[in-house]
Amino acid sequence: AQSVAQPEDQVNVAEGNPLTVKCTYSVSGNPYLFWYVQYPNRGLQFLLKYITGDNLVKGSYGFEAEFNKSQTSFHLKKPSALVSDSALYFCAVRDGRGGFKTIFGAGTRLFVKA
Amino acid sequence: DTGVSQDPRHKITKRGQNVTFRCDPISEHNRLYWYRQTLGQGPEFLTYFQNEAQLEKSRLLSDRFSAERPKGSFSTLEIQRTEQGDSAMYLCASSPIGLARRSSYEQYFGPGTRLTVT
């Protein structure tokens with residue numbers, strides 16, 4: 001069965017500092033991995049994905065994520081946080097063998113302090 | 001606006017009543033998903049359509065829930081005999097089938113329908 005864990009309910013970081021939001025996953029086949037962001041009173045927005053290829057993927061708003069197969073992780077990173085990055089971040093996984101079900105983590109709230 | 005739209009945005013109903021929600025995906029998106037999200041949780045998969053065919057349905061979905069996508073465009077989600085536990089945000093998402101199979105897996109979400117069952 002597929003599962004996603006986001007071990008931190010909340011991450012606090014100062015503006016200008018690097019940020020990391022952690023995600024680990026479990027899936028039987030090849031993982032298709034995603035990060036989505038949810039701003040207050042707005043719908044979920046796609047940030048980036050890993051399907052195959054380079055382990056480091058780049059996405060919107062300067063975010064990137066690194067796929068680590070041995071650690072079954074897909075941590076979201078950004079070199080320099082902005083106050084406007086404050087939002088709720090969701091990691092998601094889909095089994096690449098087939099099926100259409102996408103499993104989301106419980107979310108991590110990111111607070112960036114000025 | 002050419003994004004995913006959902007109607008209504010808010011619905012308050014009494015326990016035992018039936019409710020129906022509508023989702024209009026992005027034009028030409030073949031794939032459509034329904035999710036349920038409760039406070040403090042991520043979206044929970046309910047069902048998936050490819051064109052008009054319902055190809056996957058969560059085992060968590062009771063028989064009070066039904067979804068349709070009759071012409072492969074908009075979709076409806078109906079909840080019969082609502083219960084207080086059905087109170088949640090119901091999200092719809094769509095994605096295209098791209099020319100390259102791996103190019104289309106991200107989903108585009110609508111604003112959701114917030115259901116409150118009293």
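The numbers here are math on the coordinates, done by the rules we state, and not lab data. These numbers come from a predicted model, not from an experiment. For neighbour counting, all protein chains shown are included, and Cβ atoms are generated from backbone atoms with ideal geometry for every residue, glycine included.
About the Cα centre, and with charges only on the beta carbon of Lys, Arg (+1) and Asp, Glu (-1), how big is the dipole of chain A? Nearest 20 debye, please. Dipole size: approximately 220 debye. Averaging the sequence gap over all C-alpha pairs within less than 8 Å and six or more residues apart, then dividing by the number of residues, gives chain B a relative contact order of 36 percent.
Magnitude of the charge dipole for the protein assembly as shown, about its Cα centre and with charges confined to Cβ atoms of Lys, Arg (+1) and Asp, Glu (-1), is about 260 debye. Placing +1 on the Cβ of each Lys and Arg and -1 on the Cβ of each Asp and Glu in region A:62-114, which of A:Cys91, A:Phe63, A:Thr102 has its Cα farthest towards the positive end of the resulting dipole? Result: A:Thr102. When the alpha carbon gyration tensor of the protein assembly as shown is reduced to an equivalent ellipsoid, its three semi-axes come out at 30, 21, 16 angstrom, largest first. Can you check how the C-alpha radius of gyration of chain A compares to 2.2 N^0.38 Å, as a plain ratio? Taking the Cα Rg and dividing by 2.2 N^0.38 Å, one obtains 1.02. In this structure, the pairs whose alpha-carbon distance is over 21 Å, taken from A:Lys78/A:Lys113; A:Lys49/A:Lys78; A:Lys22/A:Lys78; A:Lys49/B:Lys57; A:Lys22/A:Lys69; B:Lys11/B:Lys71, are A:Lys49/B:Lys57; B:Lys11/B:Lys71. With no solvent and one point on each alpha carbon, what is the Debye value of log10 I(q)/I(0) for chain B at q = 0.11, 0.18 Å⁻¹? Result of the Debye calculation: -0.34, -0.88. Database remark: amide H of B:Arg15 closer than 5 angstrom to the amide H of B:Thr118 (H placed geometrically; neighbours at sequence offset of 5 or more, or on other chains; Pro and chain starts carry no H). The charge dipole of region B:1-88, taken about its Cα centre with unit charges on the Cβ atoms of Lys, Arg (+1), Asp and Glu (-1) only, comes to about 300 debye. Partners of A:Lys58 within straight-line reach, counting aspartates and glutamates whose Cα lies under 18 Å from its Cα and excluding those fewer than 8 residues away in the same chain: A:Glu66, A:Asp85, B:Glu106. Shown here: region B:55-98, whose C-alpha atoms stretch 39, 19, 19 Å along the first, second and third principal axes, sorted largest to smallest.
Sorting the Cα pairs of region A:41-105 by distance into bins of 10 Å, from 0 upward, gives 17, 51, 28, 4 percent per bin. Listed values for region A:98-103 are Karplus-derived 3J(HN,Hα) couplings in whole Hz (6.51 cos²θ - 1.76 cosθ + 1.60, θ = phi - 60°), namely x, x, 10, 6, 10, 9, and x replaces Gly and Pro. Eigenvalues of the alpha-carbon gyration tensor of region B:9-65, scaled by 5 and square-rooted, set the equivalent ellipsoid semi-axes at 21, 15, 13 angstrom, largest first.
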